[in-house]
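Shown next, in structure tokens, is the structure this report addresses.
The values are calculated or read from the model by the stated rules, or taken from the named source; none is laboratory data. These figures come from a predicted structure and were not determined experimentally. Don't worry about glycine lacking a Cβ; one is built from the backbone with ideal geometry, like all the others, and counts go over all protein chains shown.
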Amino acid sequence: MTNPYVPILIMMGVAALMAVGGLAASAVIGPKTYNRAKLEAYECGIMPTPHALGHGRFNIKYYLVAMTFIIFDIEVVFLYPWAVAFSDLAVFGLVAMLGFIALITVPYIYEWRRGALDWD
């Protein structure tokens, strides 16, 4: 009988080969021309300033958008397995998911009141 870890080792070897192969292919095939903009630390096209606008403070909407993404990403991650096992969980699963959705609604309402969903 073979070792049960052999398929995992083969998959790790293939993944490492793909990673190294991708890096090697980009080094061989990729463009070799560099200009001043490519060598800058920021490639957004705007010249960097010594101090960020507002003395380094970000607008609160930046954090609220990030928080919205995290909240809904986590919600979807937990809703998929719940939907698959819905019939096995019965009433306990329904009550647990309703509680989870109620907890997720609290930050959503907070963001809504703070204006993170207003795209003006």
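Find all pairs meeting these conditions: Cβ atoms under 7 angstrom apart; at least six residues apart or on different chains; first residue within segment 86-110 and free of Cβ contacts under 8 Å to residues at least 12 places away in the same chain and among the charged types (D, E, K, R); second residue loosely packed, with under 13 Cβ neighbours inside 10 Å and not in a helix (DSSP H, G or I).
From segment 86-110, no pairs qualify.
Tell me, which helices (runs of 4 or more DSSP H) lie completely within segment 1-111 with 2 or more residues that are at pLDDT 80 or above?
Per the criteria, 6-29, 60-84.
Looking at segment 66-111 only, could you name the residues that are surrounded by 14 or more Cβ atoms within 10 Å (Cβ to Cβ) and of a type in the set (D, E, K, R)?
Matches in segment 66-111: Glu75, Glu111.
So is Trp119 free of Cβ contacts under 8 Å to residues at least 24 places away in the same chain and within 20 Å of Asn59 (Cβ to Cβ) or not?
When the stated conditions are applied, Trp119 passes them.
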